[in-house]
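The values are calculated or read from the model by the stated rules, or taken from the named source; none is laboratory data. Because the structure is a prediction, the values reported are computed rather than measured. Note that we place each Cβ from the backbone using ideal geometry, even for glycine, and neighbour counts take in every protein chain shown.
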Amino acid sequence: MTQEEQVLDKLSVIIDPDLGRDIVTLGFIKEMNIDSGNVSFAIELTTPACPVKEEFRQQAETVVSQLDWVEKVNVTMTAQQSAPKSNKNMKGLSGVKNVIGVYSCKGGVGKSTVAVNLAYSLARTGAKVGIFDADVYGPSLPSMVNVKDTSIYQHDGLLVPLEYEGVKLMSFGFVNQEQEAAILRGPMVTQIVGQLLGGVGWGDLDYLIIDFHPGTGDIQLTLLQTVELNASVMVTTPQNLSFIDVIKGIQMFETLKVPTIACVENMSYYECCGEKKRIFGVGALRRLKEMYGFKHSFEIPVMEKLSTMGDTGVPLVLEEPNGLASKLYSDLTSSVVRELSRIKFSQKELPKVEYVPGKGIGFTVDDETSYISPKVLRGECRCAVCVEEFTGEQILDKSSVPDNIQPTSIAPMGNYAVSIQWTDGHTSSVYPYEVLQKLATES
Ligand code: ADP
């Protein structure tokens, strides 16, 4: 083995916990240079916010130092990401590597609070971050971050974003300080939002967070067609949860191939005398997890300081970097970062699900296929039509499913589930891969 091969062999024991493969196979090792006993190389990650960055560096130094001819190891950590393809044609967005939408089905659930704290939490990891407040009727960014000079000017034909504590910001509230949105009609608003987003010179950003206008109408749809999003985060509250609305939101994003990678139940509980009081009820997150197989769901409690943040203009994760909110947002941040790199790297390795006439619905993992009966699978549907919203009890009478039922379409949803439409006219079935795996094993 050459010296370079020996180093790579040593490094191949380091496994990326999210991608499940070693960092050599993943192509993360770059710029190797060996000068007698001095070894230097870069580990090129998918994001500068990688939560295991330091662990990788230490492990790499340790394993390479084990080679008896090595005297000194110099590891540089870098990140290489590419911008979503279709955004490269938009001058202002061409340097933005990841675009994440934060959305909710109703207003007032804390979507902007989540978007702002998520953005500042990402920035604390060393990433370059921007926030675009797409809420034309009630822009909240101007009150959530205390920007002193809000004058807007252009450079090179693009609006220069404002900045607060290193995060770039743009909101209709900054551009139109007279607050004239209320008199704008729907189609105009739709146009303005798209133009504003594309007309900002965001420069080089690792993450652009878009705080969506609440709901699932034309404004959201147009924005989703204007800019390519990598993923989205859904925000809901226990009491406002209308299950059908939440599902409508997730599916609107899915239709445009944007996976919802995390859901946040905001104002989930109130901590009192060491106890979590669930004043607004329970169950929403459980149902969403069951239906979509979401692995990343977060509960954020009612916190007075999150509420006053709207007045002070300092995001709580900055004001109390070691407080509870910072800890919760850092968990959300690391899930989002990991899930994004998982999506980029492991899309090809998702299980294959296809209908094979005469055999059933084939579920293929690692070249092994098992078949699930279409009638059984249709009977297992956990969608909001087939299962009672809050009790989780099945409404669908399994015996009513025709024996000869077949899927009319099978489409992947993000990297966690498939949606299936059936010959009985049912169109809202969603099956997480975990559920399919279980049914395939039992069949
Ligand atoms: P949305 O963007 O969904 O309309 P906002 O983020 O503007 O909602 O939040 C609505 C109000 O609720 C704001 O006054 C905000 O400060 C407050 N708020 C949001 N999250 C929390 C929380 N976890 N605890 C207490 N107050 C909160």
- request: May I ask you to verify whether LYS128 is crowded, with 24+ Cβ neighbours inside 10 Å, basic (Lys, Arg) and more than 13 Å from GLY173 (Cβ to Cβ)?
  value: no
query: Is it true that CYS105 is surrounded by 14 or more Cβ atoms within 10 Å (Cβ to Cβ), modelled with pLDDT under 90, in contact with a Pro (Cβ under 7 Å, 6 or more places away or on another chain) and within 23 Å of ALA262 (Cα to Cα)?
result: yes
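For region 312-330, which positions are outside any helix (DSSP H, G or I) and surrounded by 17 or more Cβ atoms within 10 Å (Cβ to Cβ)?
Step one: of region 312-330, the residues outside any helix (DSSP H, G or I) are 313-315, 320-323.
Listed by number, the residues that qualify are VAL314, PRO315.
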- request: Kindly indicate whether any position in region 32-41 is under 19 Å from LEU340 (Cα atoms) and part of a loop (DSSP other than H, G, I, E, B).
  value: no
statement: The residue from THR150, THR125 that alone is under 22 Å from the mean Cα position of the chain (by Cα), modelled with pLDDT under 90 and away from the ligand (no atom under 16 Å from the Cβ) is THR125
query: Do any strands (runs of 3 or more DSSP E) lying entirely in region 203-311 carry at least 2 residues that are among the hydrophobic types (A, V, I, L, M, F, W, C) and within 15 Å of the ligand (Cβ to nearest atom), and which ones are they?
result: 205-211, 231-236, 260-266, 297-300
- request: Return the only residue of SER326, SER428 being hydroxyl-bearing (Ser, Thr, Tyr) and at pLDDT below 90.
  value: SER428
Region 131-155: number of residues that are out of contact with any Lys or Arg (no Cβ under 8 Å at 6 or more places or on another chain) and either buried (at least 21 other Cβ atoms within 10 Å of the Cβ) or of a type in the set (S, T, N, Q) (or both): 15
message: For region 405-443, give me each residue that is farther than 21 Å from CYS263 by Cβ and free of Cβ contacts under 8 Å to residues at least 12 places away in the same chain.
response: GLY425, THR427, LYS438, GLU442
- prompt: If you check every pair at least six apart or on different chains, which have Cβ atoms under 6 Å apart with a residue in region 185-211 that is outside the structural domain of THR226 (by TED's automatic domain parsing) and buried (at least 21 other Cβ atoms within 10 Å of the Cβ) first and a residue that is modelled with pLDDT under 75 and not hydrophobic (A, V, I, L, M, F, W, C) second?
  reply: none
task: Could you grab me the full set of residues in region 331-366 that are in a loop (DSSP other than H, G, I, E, B), within 23 Å of PRO407 (Cα to Cα) and under 29 Å from the mean Cα position of the chain (by Cα)?
output: LEU350, PRO351
